[in-house]
Amino acid sequence: QVQLVESGGGLVQTGGSLKLTCVASGLNFEYRTMDWYRQAPGKMREKVATLMADGETHYLDVVKGRFTISKDNAKTTLYLQMNNLKPEDTAIYYCATLWSNVVQWGQGTHVTVSS
């Protein structure tokens with residue numbers, strides 16, 4: 001059974017930083033493409049960053065240069081370093097991966113950026 005558990009969210013001022021963590025279990029983490037998504041109040045969930053098994057990364061345009069996705073295979077942990085945060089980054093952040101043709105989601109972690 002795949003389990004994804006996020007943490008690291010919180011309240012931060014504009015310009016601040018947070019590092020989100022997603023601990024994964026029940027899957028061959030090293031070989032998976034892993035994603036971070038976010039969903040702001042009243043908006044659709046959007047993909048923020050992708051880390052492929054070969055190390056290739058992709059980012060939503062509005063977070064490029066501010067967010068960095070990374071992972072530690074030994075700890076089966078995915079990270080999202082978020083710098084220079086803006087009020088529009090306020091959302092619930094989820095890690096996700098495709099497993100057995102089904103997207104597996106964590107429970108999410110709340111990020112609030114005050115102006």
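For ASN83 and GLN39, the FRET efficiency from 1/(1 + (r/R0)^6), where r spans their Cβ atoms and R0 equals 25 Å, is about 0.75. Positive contributions from Lys and Arg (+1) and negative ones from Asp and Glu (-1), summed over other residues with Cβ under 10 Å from the Cβ of ILE92, come out at +1. Excluding GLU30 itself, calculate the net charge of residues whose Cβ lies under 14 Å from the Cβ of GLU30, where each Lys or Arg counts +1 and each Asp or Glu counts -1. Net charge around GLU30: +1. Within the same chain, lysines fewer than 8 places from LYS47 are excluded, and of the rest, those with a Cα less than 23 Å from its Cα are LYS19, LYS64, LYS71, LYS86. Gaussian network model of the chain, Cα springs within a sub-10 Å range: biggest mean-square fluctuation belongs to which of ALA53, ALA91, ALA24? Of the options given, ALA53 has the highest mean-square fluctuation.
The apolar share of the surface of the chain, taken as the fraction of accessible area on carbon and sulfur atoms (1.4 Å probe, ligands and nucleic acids excluded), comes to 50 percent. Entry comment: accessible area of the chain is 54 Å² per residue, from protein heavy atoms only and a probe of 1.4 Å. If the segment from VAL103 to SER17 were pulled out straight at 0.36 nm per residue, it would be longer than the present Cα-Cα gap by 28.2 nm.
Rounded to the nearest Hz, the phi-derived 3J(HN,Hα) couplings of the stretch 8-15 under the Karplus curve 6.51 cos²θ - 1.76 cosθ + 1.60 (θ = phi - 60°) are x, x, x, 9, 9, 7, 3, x, where x marks glycine and proline. Phi angles of the stretch 83-98 translate, via the Karplus equation with coefficients 6.51, -1.76, 1.60 and θ = phi - 60°, into HN-Hα couplings of 10, 6, 5, 10, x, 6, 7, 4, 4, 8, 9, 10, 9, 7, 7, 8 Hz per residue; Gly and Pro are given as x.
Once C-alpha pairs closer than 8 Å and six or more residues apart are averaged by separation and normalised to the residue number of the chain, the relative contact order reads 36 percent. Springs join every pair of Cα atoms under 10 Å in this Gaussian network model of the chain, and among MET82, MET44, MET34 the largest mean-square fluctuation is at MET44.
Full extension of the chain between LEU60 and GLN3 gives 18.0 nm of extra length, using 0.36 nm per residue less the Cα-Cα distance. Model label points for TYR31 and SER115, set 7 angstrom from Cα along the Cα-to-Cβ axis, are 4.8 nm apart.
Net charge in the neighbourhood of SER17 (other residues with Cβ under 13 Å of its Cβ; Lys, Arg +1, Asp, Glu -1) is +2.
With q set to 0.12, 0.15 Å⁻¹, the log10 of I(q)/I(0) for the stretch 49-111, from the Debye formula over equal scatterers at the Cα positions, is -0.33, -0.53.
The values are calculated or read from the model by the stated rules, or taken from the named source; none is laboratory data. A quick note: this is a predicted structure, and the numbers were derived from the prediction, not measured. With ideal geometry, Cβ positions are generated from the backbone for all residues, glycine too; neighbour counts draw on all protein chains shown. Surface areas here come from the heavy atoms of the whole protein model, side chains and all, with no ligands, DNA or RNA. Shrake-Rupley method; radii C 1.70, N 1.55, O 1.52, S 1.80 Å.
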